[in-house]
Each structure stands twice: as structure tokens, then as C-alpha cells.
Amino acid sequence: MSPSFSLRIGLLLTLPVSIVGTQVWAGANGGETKISFNRDVRPILADKCFACHGPDGGSRKAGLRLDRHEDATSDLGGYAAIVPGNLDASELAYRIRADEDDRMPPADYRKFLSEKEKHTLERWIEEGAVYEKHWALIAPERPETSELIDSSVAGPVDFFILKKLNQNGLRPGGEADRTTLLRRLAFDLTGLPPTPESIDAFLRDPAPDAWEKQVDWLLASSHFGERMAMGWFDLVRFADTVGYHGDQVQNVIPYRDWVIEAFNRNMPFDQFTRLQLAGDLVEGAGDDGLIASCYNRLLQTSHEGGVQPKEYAAIYDADRVRNLGSVWLGMTVGCAQCHDHKFDPIRQREFYQLVAFFADLEEHGHLKDGCCNTNPTRRLPEMDIFSPMDRREMARLEIALSALEEGDPARAVLEGTKENLKPRRVMVSKAIEPRIIRILARGDWMDESGEIVQPNVPAALPPLSKNEERGTRLDLADWLTTPEHPLTARVFVNRIWRQFFGRGLSKSLDDFGSQGTWPDHPELLDWLAVEFRESGWDVKGLIRILVTSTAYRRTSTPTAAEMENDPENQWFGRQNRWRLEAELIRDQALFLAGLLSPKIGGESGHPYQPLGYYEHLNFPKRQYKADQGEQQYRRGLYT
């Protein structure tokens, strides 16, 4: 084909991505399997092409779009970028091997196709250039598990792991010793090491269900909720101070208690979702719904006197949608704040439609009255509420008091304890008349020329079922956990797998889009996602499936053969090793020293800090005061 045509097809990428390439997929006979668009081709195009030839029409070059079949194969004036089955007639095939003047990606963009990637694209065209809907946008279905590989298969997790190991000519490792296993389990489920007594008891237990008993005991521990809450708080950017230069205390402690209690009670994840996004709208949710709705208020907030209300309303809007996308969708929807997403099917209009779900949140009180230099801050609306833990403690005291006679000294102590239990202030969500939400040109909060939009969800995902004329936060929460939704269950399962196996089934925990990574075990991911959803969103049930598997109990010490054939443990033939989080390192040190407070929930602790720790803080100026006694030795979760 002659290179002298007018249309310059630019296969390039201008932004860094997490994809590092593709691989040759071997079949059972050692030959190459048929190319898969999702597994093999999409990562290459996303890495090298979509920035200029993807979903974003504003930055698209030469009118060429490569993320959709109908566009990539369309007539461009006597030729096409891709002619399925015809390598010689495909302009893309010519350009990836052309000299520097015509080569794509161009040299000056410093994105280069490897020989392996060129070969993959060429084979894909020769095989018919079959496109597929992005794997993460297809609702998961439960794969078949009836065929057992051998007698060692203990359940679906091991079925899929052994299946992949067999396909790749690998053998699984052996089981770790019992002391290592219990230490692993205790840290994973509670964030604390096992006691010597619990290890001795486990070593002496000959029962065939000895392991399952340990699992159930630790899942029932009140420290389980703390361990799970640590990860959740990282996701929802929880902090008990505001985060900007003043870093004043904000009223969020009851929310922390509520999350810990929700995990300990094994609240179904769909209800966990509904109460956080729309607890103030859920009929009968009461105080728990209001406390949970504090999620919507967890933002970095400014309390400076010169705050521009419209500017910060736009900042808070964008932050909420970014967090929604990361936590529940595993998608980088924030990329569409200023323009259509360059890699995924999310338009800028859809970003602001998601913003519109949160337009009913009362923010005026904070922006008007929260500017003063007070500590803690005033971020209205707020309420004084007893947390679930406080209510449980009050009920316990009532029962104890009813068994004691008047004048009893023990009764006086209990009555004093009860009187000391006070409701605590917490920020809550309050629905008001929704603000007008416009598409902001390039994200400019001062531009009021954009189209007004109503709440809706991206067209690439299942449609929203609205209970009212206008979609609400409750509709949004219900939509996230519908059976047709392809992302929510997968994203949560992938994160939980990471907690217990060191890395996700897809390495991209927060990006299931085109720039994310194809899961190494797609069948296993889908089976777990469907099981999680059909179990009634049972979090403890999901975790029990993982930690009772043979795969979880394998040794993490690799053999020489494993290091040679699977050095990154891609197929989970052994357990992974990873470092404890910083919070857990401190907790472990205090635990082993006999200092760690066992108290669950309540106010944050202030351990020792050097003099002058708060010297840099203003608005207001203040001195750091360390706690004394037990409160100084709270878990990192409360520090």
C-alpha cells in the first residue's frame, strides 16, 4: 500500500498508564491460542492509541476511532484502518511497521510498539479483528464448576486455581505449617497476631474441622470489624480532621463506630451501600441511616473566610463522583470532569449527571457558617446521636441495673457509667431542593453556559430504575447493586481477594476500564462476584470461602521451579508474601508489649508526639495534648 495518502492515522498515547504490554497465550499443545480482543488487543490500543483515537471526540485525530468496530473498519476514502481478515489492506498494519515518517505511534510521542505487540495486532486482524464489549461492562455469569480436576479440589476457588495451574504446566505448593497459618489468618481477619495460647490450642486440635473453627472464631471477633473498617476508611477517604491547612477536627466519630459495627454484624453489602449513599432517604433507617449518611460529607473541606461557595461546591461535587467511581465502580470517572473520557465510554455529560444525584445535599450551612476558626469545625447539618455501640452499651447497663437493688454500691457505679454515655455530634446528609447542575466547560466553575442535566448513569452501564420522576441518591444506591450491574460485585470481590492473597485477581483494584489489567483468573472473579451477589451480599460468607480454600493455606515459600516458571505467582500456585500496613505494625508492637487497648470504637486517641507538633497550624492556633493511660494506646484505626 502506498504511504502517500492525506489522512495521518496517529496511534499514540500521551498519558502514563498501568498496562505494561501483553503476552503470548499458549494452548494445551504449546501453540498460540486465538487472539482475544479484551485480553490481548484492548490493552495495546489503550496504551498506544486511545488517547488520540478513542472515546474522547475532542482530542480525536484524523477522525479515526479505534475503540469501536464500526469506526475502525469504516471507509476513510478508499481504505480503512482495519479490514478484518486482510492484513495487506489494513492501514493500521502498514502504519505500525512503516518508516519513521509514517509510523504510528509517532516517534516524538515516545510510545513504541514492541515486536510482540505488533505481532498480536497483526494476528488479530488476520483472525478477523473481532471486537468484544469490555469484559468489565458485561454482567458476570456463574461459570461451570462441575468438572473436578482431581481429588484435592476443595471448592470453586481451588477448582479455578488448579485449572489455571494445569493449563500452564504448573503444580501447586504444599500447605504452610499450622503456626504460620494461624498467624496469617489472625492478621488477615483481625489485624492482630494470635496469642500463644490460641496457637497451642490449634496445634493440639486433631479435629478435621480445626481450621474452620479458627476461621469462625476470628470472624466472630469484634476486632474483625476493625480490620475490615481500616480498608474501607482508606477507600472513602475517612479522616477525623478536615485535611486542609487548618486541619481542624470534624465530627465523624459515630460514622467510624457505625462502619465497624456494620462489618461485625455482617450487614449485607447492598444495605451497607444504601445507608451510606442515602441513609437519610431510607424509610425506617433511623439514627443508623443518618450516621451512615456521613459518608457523603467525608471530604477535604476548607473553612477559610474567603471561600467562594460556588467554587467549593464544584470541588466537593467532583470529589464525591470520583469517590463513587473508585469505590463502587472501579472506574476512573473523574477523567470526564473536563472532557469525555479518553479511554473509557464515559462522557463529560455523564459525569455531571452523576454529580446531579448529590445536588440535593445541604451544603449551604457549611459554606456559610463553617468558615469560622473553630475546633472542632461546624459543618452543618450535624446531629447529636448515640452510635450503635453506645446504644448497645446502654442496653447492657439497663439489663445489669435491673438485676441490682436500689442502694447497691455496684448499682451506683453502673448508674454513673450510664450517665457518662452522651450522644456525640456527627455530620449527616440532609436532602433539600436540588441545586441546578450544569456541564462545566473544561471543569470551569465560573462558566454558566453549560447544559443543565438531570441525575442519570453512564449509558455503557445498565439503565437506572427511578422510584420518582427525578433520580435520587437512593435510586443510585439501588442501581449499584442490581443483578444486572457488572461492576459493583466484581470490584468489591477483587479488593477482598487482594486482602487475603496479596494482589487482586485483576491487579487494577481501582481501574476496571481500558487502562486496567485483564484479570489473570476471569472465571474465578466472575464466580465469586455472582456468589457474593446471590448470597445476599454476605461479606463474611465471601471471606469464609476464601480463607477455607486450599489456595489460601499454601506455603508462601517458592520452590526453584516456581521461581523459574511463575516468579510473580500469577497463577497463585503458592500464597503471596506482603508487608503489614503501618497501622498494623504499630498495633502489633503495642499488642506484644501488653499495652494495646482492647476498647472498640469511641473517641480518637492522641499518643505522645514531640513538643511543637502543632506549631504549623493556624485557624485556630493550638497545642497538641497527648492522652494519658489507656487512651494513648488505642489501635491505629483510632489514632
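The values are calculated or read from the model by the stated rules, or taken from the named source; none is laboratory data. Nothing here was measured: the structure is a model prediction, and the numbers come from that model. Using ideal geometry, Cβ is built from the backbone for each residue, glycine included, and neighbour counts are taken over all protein chains shown. Heads up: the accessible areas ignore ligands, DNA and RNA and are worked out on the full protein's heavy atoms, side chains in. Shrake-Rupley method; radii C 1.70, N 1.55, O 1.52, S 1.80 Å.
For the chain, the longest principal axis of the alpha carbon atoms and the long axis of helix 210-219 meet at an angle near 70°. In terms of packing, defined here as the mean over residues of other Cβ atoms within 10 angstrom, the peptides 185-193, 601-609 line up highest first as 185-193, 601-609. By the Cα gyration tensor, the range 271-323 has an equivalent ellipsoid whose semi-axes, rounded to whole angstrom, run 26, 12, 8 from largest to smallest. Would you mind checking the tilt of helix 178-190 against the longest principal axis of the Cα atoms of the chain, expressed as 0 to 90 degrees and rounded to 10? The two axes meet at around 80 degrees. Estimated from helical segments only, the mean residue ellipticity of the chain at 222 nm is -11000 deg cm²/dmol, where each DSSP H run of four or more residues counts as -39500 (n - 2.57). Taking all protein chains together, Tyr312, Tyr244 sort by accessible area into Tyr244, Tyr312, largest first [probe 1.4 Å].
The mean of 1/r over all pairs of different alpha-carbon atoms in the range 372-463, once inverted, gives a Kirkwood hydrodynamic radius of 18.8 Å. Annotation for the range 106-140 versus the range 185-209: alpha-carbon center distance of 48 Å.
Accessible surface of the range 220-346, 1.4 Å probe: 49 percent of it comes from carbon and sulfur atoms. When peptides 40-48, 71-79 are sorted by average Cβ neighbour count within 10 Å, with the highest value leading, the order is 40-48, 71-79.
The figure for Lys34 is an accessible area of roughly 130 square angstrom, using a 1.4 Å probe on the protein chains alone. Taking 0.36 nm per residue of sequence separation and removing the Cα-Cα distance, the Glu433/Val413 pair yields an extension gain of 2.3 nm. The residues of the range 380-492 expose, per residue, 55 Å² of accessible area to a 1.4 Å probe.
A 1.4 Å probe over all protein chains sorts Ile315, Ile199 by accessible area into Ile315, Ile199, starting with the largest. Note on the chain: Rg/Rh from C-alpha atoms, Kirkwood Rh, equals 1.00. For the range 397-543, the fraction of C-alpha pairs more than 18 angstrom apart is 74%. For the range 126-213, the Cα gyration tensor yields ellipsoid semi-axes of 38, 18, 13 Å (square root of five times each eigenvalue, largest first, whole Å).
In the range 83-157, Rg over Rh equals 1.24, where Rg is the alpha-carbon radius of gyration and Rh the Kirkwood radius from pairwise Cα distances. Pairing the Cα long axis of helix 348-357 with the longest principal axis of the chain, what angle in degrees results, from 0 to 90 and rounded to the nearest 10? Value to nearest ten degrees: 20.
The H on the amide N of Ile385, modeled in the peptide plane, is under 5 Å from the matching H of Arg424, Arg425, Val426, each at least 5 residues off or on a different chain. When you restrict to C-alpha pairs under 8 Å that are six or more residues apart and normalise by the size of the chain, the relative contact order lands at 17 percent. Eigenvalues of the alpha-carbon gyration tensor of the range 486-639, scaled by 5 and square-rooted, set the equivalent ellipsoid semi-axes at 39, 20, 18 angstrom, largest first.
Name the GluC sites (Glu not before Pro) in the range 45-123 that are in a loop by DSSP and that have at most 14 other C-beta atoms within 10 Å, would you? Passing both the DSSP loop test and the Cβ count: Glu100.
Put a dot 7 Å past the Cα of Glu127, heading toward its Cβ, do the same for Ala589, and the two dots end up 5.3 nm apart.
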